[in-house]
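S.K.: Submitted below is the structure of interest, expressed as C-alpha cells.
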Amino acid sequence: MNGNPDRMTIRRPGNAVRSPQGAGTAPFWVEMLLEGSADGENTAMRASLEPGTITSWHTHPRGQLLYVLAGKGLAQRDGAHVEELRTGDAVWFAAGEKHWHGAAADSPFSYVSIQAAEAGRFVDWLEPVEAPR
Ligand code: MN
C-alpha cells in the first residue's frame with residue numbers, strides 16, 4: 001500500500017486485479033480506488049462479482065461502508081439473517097464485526113467499499129461461508 005495521494009487524483013477504470021485466494025467462493029475483480037496505509041487512512045475499492053460468488057467470512061479492523069452500484073447482493077453478519085442488497089443500498093459493518101457479502105445466485109453484483117487501515121491491514125479473512133442460503 002502506498003498511502004493516500006497528497007493532491008487531487010483521478011483513478012480511471014481499467015486496473016482490475018483478481019481477489020486474493022480464499023477471499024471468496026470464486027475469484028472476483030477488484031479495482032483499488034484508494035490505498036491508505038497509515039492508521040485511520042481510508043482504503044477504497046470497486047468490486048465486481050459474478051452471480052453466486054460470495055466472500056468468505058471476514059472482519060475489517062475499523063469497519064467498512066459498502067455502497068451497492070449494481071445488481072442484487074446478499075450480506076450477513078454473524079448470528080443474524082441473510083439480507084438482500086439492491087442498487088443504491090449502503091451498508092455499514094462495524095469494526096471487527098464478522099460478516100460476508102456477495103452476489104445473489106441470479107445476478108452479478110458490484111459495489112464500492114471504503115475501509116480504514118489499521119496496522120497496514122483493512123481486512124482479515126476467515127473461513128468460507130457454509131450454506132449461505
Ligand atoms: Mn466486508
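S.K.: Within the group 88, 71, which residue is more than 13 Å from the ligand (Cβ to nearest atom) and either of a type in the set (S, T, N, Q) or surrounded by 18 or more Cβ atoms within 10 Å (Cβ to Cβ) (or both)? First the steps, then the outcome.
M.R.: On the way: 88 fails: either of a type in the set (S, T, N, Q) or surrounded by 18 or more Cβ atoms within 10 Å (Cβ to Cβ) (or both).
Exactly one of 88, 71 is more than 13 Å from the ligand (Cβ to nearest atom) and either of a type in the set (S, T, N, Q) or surrounded by 18 or more Cβ atoms within 10 Å (Cβ to Cβ) (or both), namely 71.
S.K.: Here is a check on your reading of the model: is residue 59 within 16 Å of the ligand (Cβ to nearest atom) and more than 11 Å from the chain's Cα centre (by Cα)?
M.R.: Spelling it out, it is not the case that residue 59 is within 16 Å of the ligand (Cβ to nearest atom) and more than 11 Å from the chain's Cα centre (by Cα).
S.K.: Are there any pairs with C-beta distances below 7 angstrom linking a residue in region 59-87 that is closer than 17 Å to residue 122 by Cα to a residue that is in a loop (DSSP other than H, G, I, E, B) and of a type in the set (Asp, Glu), with the two at least 6 apart or on different chains, and if so which?
M.R.: 59/97
S.K.: What do you reckon, is residue 123 within 13 Å of the ligand (Cβ to nearest atom), closer than 20 Å to residue 20 by Cα and surrounded by fewer than 20 Cβ atoms within 10 Å (Cβ to Cβ)? Spell out how you get there, then give the answer.
M.R.: Details: within 13 Å of the ligand (Cβ to nearest atom): yes; closer than 20 Å to residue 20 by Cα: yes; surrounded by fewer than 20 Cβ atoms within 10 Å (Cβ to Cβ): yes.
Against the criterion (within 13 Å of the ligand (Cβ to nearest atom), closer than 20 Å to residue 20 by Cα and surrounded by fewer than 20 Cβ atoms within 10 Å (Cβ to Cβ)), residue 123 qualifies.
S.K.: Let me ask something additional. Given the conditions (1) under 23 Å from residue 16 (Cα atoms); (2) within 12 Å of the ligand (Cβ to nearest atom), and given that residue 105 satisfies all but one, which numbered condition is not satisfied?
M.R.: (2)
Throughout, read-outs are computed from the coordinates displayed, never taken from laboratory work. Bear in mind the structure is a predicted one, so any value in this text is a computation, not a measurement. No Cβ is skipped: glycine too gets one built from the backbone with ideal geometry, and neighbour counts run over all protein chains shown.
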